[in-house]
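As structure tokens, the structure follows; a few thoughts come after it.
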Amino acid sequence: MITITRSQLRRLRAVFRRALRLSSRDVGPNLLFATGADCLRIRAQNHHAAVEYHTQGVFPAERICVPFALLADCEGTKDEPVNLEQTPEGKVTAQWTDRKIPQRVQYDSTPSEVPIFPVVPSTMAENEVGLWQALADATDTTEANAARYATNNVQLRGTGGRIVATDGRQLLVQRGFNFPWEDDVLVPRSTLFTCKDLLVNAPLLIGKSDDWLTLQSGDWTFHLAIDKDGRFPKTEDFVQRPETAVNRLTIAPADAEFLTDAIERLPCDEEDFHRSVTVDLNGQVILRAKTSDSKAPTELVLTRSTASGDNLRFVTNRTYLARALKLGFRELCMYGAESPAQAMGDNRAYVWAVLAGDTAIKPSKNAVRIDSSEMQSSPAAETLPLPPPTRSVYPMVKSNRFQSQAADVTAASETAHVNGDGGNGNGGNGNGTANGNGHSSSCEPADLIEQAETLRSMLRTALGQVSDMITALKQQKKTAKSVQTALATLRQLDRVAL
């Protein structure tokens, strides 16, 4: 018999799903629980990754293979024990107590379907715990769906110990790591590195084999599949030397805190997908934004920050500037009004494309000016006197595609409400006497949070599709106008010929 707590199973499910890149609809691979004289090992793998969790202890030698659904069936927020036991009939029984009510689920054991687990490379290099956060930041810089180049991957360069990531609009380069190889390795983006249920507070060991990148820290071992066929873009030429910049902006810590709070609430037109903001470096450091129907812009004056070099005015997507601040960058190098912006830090560089200079907002005597030195050091969002952004209202566009997406969201919500995230809880093969997921009629808080996150993701997808339709309709309108203009010109030519 193998015993593990329900809270451990909840954490295992969260980490395994992210590492194996499982969606809410994926069944998941089989789980192997293996005990020995000194530890318990829990393994799962697919073509994306192979994951092992081990905990020290004295256990009798045993191997139990169960469906992935066991994690959802038995998980909980408390340290209540779950006992796994094999029966003479080749079944696996899971038993636990949910608020004093006994629960029992039975599964078919399928030990022959467990694939061969990857071997830890013989050469592993130790790195500080900051490597994990660096991989998380790199993942946030990639794009989910790549086309021509493998921008859905993170590149780990053995020479120089660099981590490089880009989505074609932004580029993050981080240096100073210890990798035990000389070539470049591509690993697909993974939300594993941003998993809140995985606390990495010990040094990381990293290595690679022919097919896998291996990471070890504490009780966890991760083997992530290497992308051997991906073609990563050449990024070396985009990072320039700071001393060649025409203007260098140094943002004071207090101004960085002020700007992080304020920049996302500057006025912006709903149709401005770039969420543009003008940065003016002309003796003062000023950020300027306005809507198309406002008479005067709103200005943020960073009085404690300094800009050295030529006077410069450029336009940027505020999202990238805000991200540079969030990543901890405090120095910005500019090489021209329409050259990429480059944030510099210790062993790091963050580069992003700026917008066309002809869209820059010029100074105005009637501007609403907000001085950073007059604000509190930790301003609350409601105390900053920024004017609310103007939002345009568009009529609803009838679309079967959007209706289908909305139906999927509703169905997912209803399914989550009835079944929870674990489905009917019978594990696909079980015939247990309990209701299956081991919970009472009320959902666990962790389940509700996961359901809400799933619903939020689907709603974001629907919002993106609506934005795409609006863009397509605007383009169609422009095309129709061009056709009408061409026809009018042809008619005029006909009259001239007559």
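The values are calculated or read from the model by the stated rules, or taken from the named source; none is laboratory data. Worth saying up front: this structure is predicted, and the values here are computed from it rather than measured. So basically every Cβ, Gly included, is an ideal-geometry build from the backbone, and we count neighbours across all protein chains shown. Heavy atoms of the whole protein, side chains included, go into the accessibility calculation; ligands, DNA and RNA do not. Shrake-Rupley method; radii C 1.70, N 1.55, O 1.52, S 1.80 Å.
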Matching residues in segment 60-85 - criterion: being over 19 Å from Pro29 (Cα atoms), modelled with pLDDT under 90 and either among the aliphatic types (A, V, I, L, M) or not in a loop (DSSP other than H, G, I, E, B) (or both): Ala61, Glu62
Looking only at strands (runs of 3 or more DSSP E) that lie completely in segment 190-234, which have at least 3 residues being of a type in the set (Phe, Trp, Tyr) and under 21 Å from Ala125 (Cα atoms)? none
From the list Gly28, Gly57, Gly90, pick out the single residue that is at positive phi and within 26 Å of the chain's Cα centre (by Cα). Gly28
Given the criterion among the charged types (D, E, K, R), under 22 Å from Trp220 (Cβ atoms), surrounded by fewer than 18 Cβ atoms within 10 Å (Cβ to Cβ) and under 30 Å from the mean Cα position of the chain (by Cα), identify the matching residue among Glu62, Glu126, Glu75. Glu126
Which residue, of Lys290, Lys295, is of a type outside the set (Val, Ile, Thr), more than 22 Å from Val164 (Cα to Cα), in contact (Cβ under 8 Å) with a residue 60 or more places away in the chain and crowded, with 20+ Cβ neighbours inside 10 Å? Lys290
Selected residue (criterion: nearest to Asn152 (Cα to Cα)) from residues of segment 194-216 that are modelled with pLDDT under 95 and open to solvent by less than 20 Å² (accessible area, probe 1.4 Å): Cys195
So, in segment 99-113, how many residues would count as being in a strand (DSSP E or B), at pLDDT below 90 and more than 20 Å from Ile42 (Cα to Cα)? 0
Selection within segment 114-131 - touching a strand residue (DSSP E or B) at 6+ places or on another chain (Cβ under 6 Å) and in a helix (DSSP H, G or I): Leu131
Complete set of residues in segment 207-230 that are within 25 Å of Gln8 (Cα to Cα) and of a type outside the set (S, T, N, Q): Leu215, Gly218, Asp219, Trp220, Phe222, His223, Leu224
Select from segment 326-360 the residues that are surrounded by fewer than 20 Cβ atoms within 10 Å (Cβ to Cβ), closer than 19 Å to Cys268 by Cβ and not polar (S, T, N, Q) and list them in ascending order. Lys326, Ala353, Leu355, Ala356, Gly357, Asp358, Ala360
So how many residues does segment 154-189 have that are part of a loop (DSSP other than H, G, I, E, B) and more than 22 Å from Ala14 (Cα to Cα)? 16
